Amino acid sequence: MTYSDTCRVCGREPVAWDQRTFEDVLLCEDHEVLCSEAARESMGRPIHETVFGTWQGTDRYDDDGREFVVCSRDRGHTSTHGVGTLCRWCFANHVERIRGHRDEVLGSCDIDPQDVRYLPELRRRRTLIERAYEQRIITGEEGVRVMERLVAPLRGRSA
Ligand SMILES: [Zn+2]
Ligand SMILES: [Zn+2]
């Protein structure tokens, strides 16, 4: 992964470090709110109902006396963060999922506009765009732009 100083989801300006869930997971205001709320909501829920783990103590300590912790969801996630707090790796994975979903919603369509499946795909995409907009994964402007791009070949044909 390459180093970047912009939002990991959309590339916009990130919020200041003291507003971040994790200082090294950069997110713009919309996506910081989206991801931190999802994490907060998951707290206290049974582990199989959430994608977020919390750190659990191991009774082993590093040279500075900080306890090694493992994630309640994935034993492969380890750290010395505070016991009981949100797993940084689960959070970062969630951010990646949001980014992947966003790319899917805004991405190009690989069905030929002449194909009978193009219109149903357009309707499906429209629903995805509306939901993503409501969740603030994309902006209204981004949604309009991608819809215009997808509809353009149809307009060209009917003209
Ligand atoms: Zn963003
Ligand atoms: Zn984890």
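Please treat every number below as a calculation from the coordinates, not as lab data. Quick caveat: nothing in here was measured; it's all calculated off a predicted structure. Virtual Cβ from ideal backbone geometry, glycine too; neighbours counted across all protein chains shown.
Counting Lys +1, Arg +1, Asp -1, Glu -1, what net charge surrounds GLU23 among other residues with beta carbon under 14 Å of its beta carbon? Combined, the nearby Lys, Arg, Asp and Glu give -1. Overall form of the chain: prolate. Here a/c, set by the Cα gyration tensor axes a ≥ b ≥ c, is 1.5 or more, and a/b is the larger of a/b and b/c. Entry note, the chain: the mean residue ellipticity at 222 nm calculated from DSSP H runs of n ≥ 4, each adding -39500 (n - 2.57), is -14500 deg cm²/dmol after division by the residues and rounding to the nearest 500. Look at the Cα gyration tensor of the stretch 107-153: its axes a ≥ b ≥ c give a/c of at least 1.5 with a/b over b/c, and that counts as prolate. May I ask for the distance between the Cα centers of the stretch 34-68 and the stretch 86-106, given as a whole number of Å? Cα centroid of the stretch 34-68 versus Cα centroid of the stretch 86-106: 17 Å apart. Compared with the direct C-alpha span, the chain from GLN56 to ARG155 gains 29.9 nm at full extension, assuming 0.36 nm per residue.
What separates the Cα centres of the stretch 107-159 and the stretch 3-29 is a distance of 28 Å.
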